Amino acid sequence: MKSIVILISGRGSNMQSLLAAAADGSLPVCVAAVLSNRPGAAGLETAGAAGIPTRVIDHTLYPDRESFDAAMAEAIDAFSPDLVVLAGFMRILSNGFVERYAGRMMNIHPSLLPMFPGLHTHRRALEEGVRIHGCTVHFVTPTLDHGPIIIQAAVPVVAGDDEASLAARVLAQEHRIYPQAVRWFADGRLRLLDGRVEVAGRQAADAALLSPTLPESD
């Protein structure tokens, strides 16, 4: 069974979806640990209550990004994970850290990449007047929010949406597709080829995860 380490900075709602899937057997991985850069991250308590080992590597105690990343890498490697999963981990990672886990570190981003990398994605989607928004799971590369895409889910932007309502609709899809992406990795179904991700043996049920629910035409 593959093992994963999850990195969080806050409440870790995507972490919770992964823990729940692992607990009910639908996600065949061992969650080896949950690590955070913030001592007060609410997700640490959630993970601890589930019996998952937790560690804090407080970024404020390190003089620069490289020294923090080195400490975080040491903490991760102590658990020898097959995959590192970023679940609301709010740190820009150094190139050396990213390259250390190349092809075995995932992130989830609340937009349909390559649209709206970075912060405030829901606000920017509303400002741009897009009709379709969503979320993306991707392998992490040195370019922020721009790694090879593993899976996406789309949601309609409807009349009357604000940031909160749109964020809630997207978050429900995040909780659906992140366990699926990790499951594909655990099953050995993901392959990187020329900067793109191939999913071996994709069935109709898998493809359905990628199909957006489109808003009705005017």
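Let me check I've understood the local charge: for N37, count other residues with C-beta under 13 angstrom from its C-beta, Lys and Arg +1, Asp and Glu -1. What total comes out? Net local charge, N37 excluded: +2. Values (1) 17.1, 55; (2) 16.8, 51; (3) 17.6, 51 are given for comparison; Rg and Dmax of the Cα atoms in Å, derived from the coordinates here, is the one labelled (1).
Here the gap between E127 and A42, fully extended at 0.36 nm per residue and compared with their Cα-Cα distance, gives a gain of 27.5 nm. When the Cα positions of V157, V85, I57 are compared along the charge dipole of region 57-167, V157 comes out farthest toward the positive end, with charges on each C-beta of Lys, Arg, Asp and Glu. Remark: the S67-E99 segment gains 10.0 nm on full extension, using 0.36 nm per residue and subtracting the alpha carbon distance. Can you give the relative contact order of region 1-67 as a percent, counting alpha carbon pairs under 8 Å and 6+ residues apart? Averaging sequence separation for qualifying contacts and normalising by length gives 34 percent for region 1-67. Given +1 at the Cβ of Lys and Arg, -1 at the Cβ of Asp and Glu and no other charges, the dipole of the chain around its Cα centre is 360 debye to the nearest 20.
Neighbour counts of C-beta atoms inside 10 Å place H146, H138, H120 in the sequence H120, H146, H138, starting with the fewest. Taking other residues whose beta carbon is less than 14 angstrom from the beta carbon of S67, and scoring Lys, Arg as +1 and Asp, Glu as -1, yields -3. Computed FRET efficiency, Cβ-Cβ of T143 and M1, R0 41 Å: what is it to the nearest 0.05? Using R0 = 41 Å, I get an efficiency of 0.85. Compute the acute angle (0 to 90°) between the alpha-carbon long axis of helix 163-186 and the principal axis of greatest extent of the alpha-carbon atoms of the chain; round to the nearest 10°. The angle comes out near 60 degrees.
Rule-based calculations on the coordinates, nothing more; no lab input. No experiment lies behind these values; they were computed from the predicted model shown. As a convention, Cβ positions derive from the backbone with ideal geometry for all residues, glycine included, and neighbour counts pool all protein chains shown.
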